[in-house]
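Notes to accompany the following structure.
Any read-out appearing in this document is the output of simple, stated calculations on the displayed coordinates, not a laboratory observation. Note that the coordinates shown come from a computational prediction; the quantities given were computed from them, not determined experimentally. Glycine also receives a Cβ, built like all others from the backbone with ideal geometry; neighbour counts cover every protein chain displayed.
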Amino acid sequence: MTEQPPPPAPGFGPPPPQYAPAQPPNAPAQAPNAPAQPPYAPAQPPYAPAPPQPAPAGPEFLAVDKRNAVVVDVTGVVFELADFTMEFPWPEIRSVHYKASPDGKALMVAVVHMDGRFYECVVEAKPRTRLQEWFPQLAWVLGHYRPMG
């Protein structure tokens with residue numbers, strides 16, 4: 001009488017044939033214990049551009065001159081000073097202030113950061129009457145994103 005080895009513990013070894021994945025008829029043979037190879041993903045060039053994202057909804061304010069600009073929108077406040085851009089997301093802003101320059105020819109906008117730092121951008125208003133158009137627009141947009149009280 002020959003002695004047979006004990007059966008393997010459950011969960012070890014290859015799956016029984018009835019649970020093994022079916023192989024396509026033209027598939028190359030694999031080693032019995034080799035991990036299954038995932039199917040290839042469709043080829044896409046690595047430089048494929050991301051699909052365009054919809055622009056966030058909400059009112060916007062824009063004041064611009066030859067060198068500088070102020071943008072207020074759903075993301076926060078942006079200052080463009082010559083070729084330098086400073087972005088202030090709403091969660092980082094303690095307050096936003098604005099006024100006319102002392103000579104009445106420009107809009108002065110200041111952002112106070114949560115840590116107390118202060119940033120300012122001056123945009124020249126040409127013609128000078130444009131300044132009077134900017135004030136109510138800016139007040140309305142700031143009130144939309146940062147309501148008082």
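Laid out as a table, the results:
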quantity: Sites Arg128 and Leu81 - FRET efficiency at Förster radius 30 Å, r taken between beta-carbons, to 0.05; calculated: 0.90
quantity: Those aspartates and glutamates that a straight Cα-Cα span of less than 18 Å connects to Lys105, excepting residues fewer than 8 apart in one chain; calculated: Asp65, Glu120, Glu124, Glu133
quantity: Angstrom value of the Kirkwood radius, inverse mean 1/r, which spans all Cα pairs in segment 106-148; calculated: 11.7 Å
quantity: Spherically averaged projected area in nm², based on the convex hull that wraps the Cα atoms of segment 53-117; calculated: 5.6 nm²
quantity: Burial ranking of peptide ranges 134-143, 97-106 (average Cβ count within 10 Å, highest at the top); calculated: 134-143, 97-106
